[in-house]
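The values are calculated or read from the model by the stated rules, or taken from the named source; none is laboratory data. Bear in mind the structure is a predicted one, so any value in this text is a computation, not a measurement. Because the Cβ atoms are built from the backbone with ideal geometry, glycine has one as well, and the counts that use them run over all protein chains shown.
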Amino acid sequence: MRLTDEELLELASNTGIRLLEGERLDLGCSVAFRVKLGVPCEAYVLDSPEGRDLAAKPELVGEEFLEANRRLASTAARLLSEELEPDVPKVFLHVLRGSLGYRLHEALKSVGVELCEAWIRPRYVKGGFGDHRTKVIKIVYEDFREVSRVADMECDVIVADTVATGYTLVKCLQRLSRALEKLGARLRTLVLYGFISLTGLNAVLEAAGARRAVAIAVEDFTALASNMYDMPLYGVDEAQHADTGGLRSIGGATTLEALRGLAPHYAPGMDQPGDWSERQPLLHAGDALERGDIAGHLRRSLEALRRLWRLTRTVPWYRPWMDQVYRARERGLSEALARLGYGR
């Protein structure tokens, strides 16, 4: 299915998607757009077949999910290797459990970038899965031993993670910042990569205090639903509907070219990263390895998809082609459950 630019412009206008202008950078099979968000950050939208699949297809799980991330990360690493100063030491902060799934650390190493790896695991004591409105976080694991290599130096800090409210990442960066201060090290450039909401980006930039910041968003800088968890490209805020019965539409920010590739496959309202940790077969939890709940992710995604399908058909911007998208995603999720032996 192809949508005309006229249809895409109408969609953006009706749903609140902010269309960004940007310098186009060709990166092989992928494209990066250097865009202006009006925040103190060098912002990029990374558009590729793998990014579209990760954002639009919650049925992409397991080893196929990891392979898509590897290919996408290789493009991001190529971009970063040109943007960052090679002589500045780099600390890569792994936010456990899910952030390793982005595979950016592997991609950077493959292009010759040397990393000091730091590990931290935050856990929600209040709030948590599916709802981040009540935010109490405890750090249950950290390993900053390699950070000693940047003592008394300026360093770049790189994070590949899903940034919704930004609250979790701010807490993790504050912990790392204290470790750097004890070593006499100073933050030069902060790099963010992954699914990033506009709200979360602002929160992290405000708290980090880096001299320079670079953000590379997969396909779009997302909207953020009222549960402070779901990160749609656009759609009905299902959480608010559940609370109040209202039908509020929300939209993120991207380029027309990226929207052109993503909209025909993206079911309105769906959380683009989904249960990022649970889409992975095996998770580093700090002092142990854990299996991702792939079946749980698929089932919850299918339930959310069907609820959003019903809601979307009641809003003024609904168009018949959206049924085709929902139907494709429903089929993909059902087939993934059957293929993996989980049933429907």
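Here are the numbers for the structure shown:
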{"quantity": "Close pairs (6 angstrom Cβ cut-off, 6 or more residues apart or separate chains): of a type in the set (Asp, Glu) in the range 139-152, exposed (fewer than 14 other Cβ atoms within 10 Å of the Cβ) anywhere", "calculated": "152/184"}
{"quantity": "Conditions (1) touching a Gly at 6+ places or on another chain (Cβ under 7 Å); (2) assigned to a loop (DSSP other than H, G, I, E, B): number failed by residue 271", "calculated": "(1)"}
{"quantity": "Residues located in the range 289-314, provided they are touching a residue at least 12 places away in the same chain (Cβ under 8 Å) and outside any helix (DSSP H, G or I)", "calculated": "290, 292, 293, 314"}
{"quantity": "First in the range 60-85 and without any contact (Cβ under 8 Å) to a residue 40 or more places away in the chain and hydroxyl-bearing (Ser, Thr, Tyr), second anywhere and buried (at least 22 other Cβ atoms within 10 Å of the Cβ) and part of a helix (DSSP H, G or I), Cβ under 7 Å, 6 or more apart", "calculated": "74/107"}
{"quantity": "Of the criteria (1) modelled with pLDDT under 95; (2) within 24 Å of residue 236 (Cβ to Cβ), which one residue 22 fails", "calculated": "(2)"}
{"quantity": "Within the range 290-344, considering residues that are modelled with pLDDT under 95 and within 21 Å of residue 276 (Cβ to Cβ), the one surrounded by the fewest Cβ atoms within 10 Å (Cβ to Cβ)", "calculated": "339"}
{"quantity": "Where residue 323 falls short, out of the listed (1) of a type in the set (Asp, Glu); (2) in contact with a helix residue (DSSP H, G or I) (Cβ under 7 Å, 6 or more places away or on another chain); (3) closer than 20 Å to residue 236 by Cβ", "calculated": "(2)"}
{"quantity": "Within the range 221-237, tally of residues that are within 11 Å of the chain's Cα centre (by Cα) and not hydrophobic (A, V, I, L, M, F, W, C)", "calculated": "3"}
{"quantity": "Those residues of the range 9-20 which are over 21 Å from the mean Cα position of the chain (by Cα) and either in a loop (DSSP other than H, G, I, E, B) or of a type in the set (A, V, I, L, M, F, W, C) (or both), in sequence order", "calculated": "9, 11"}
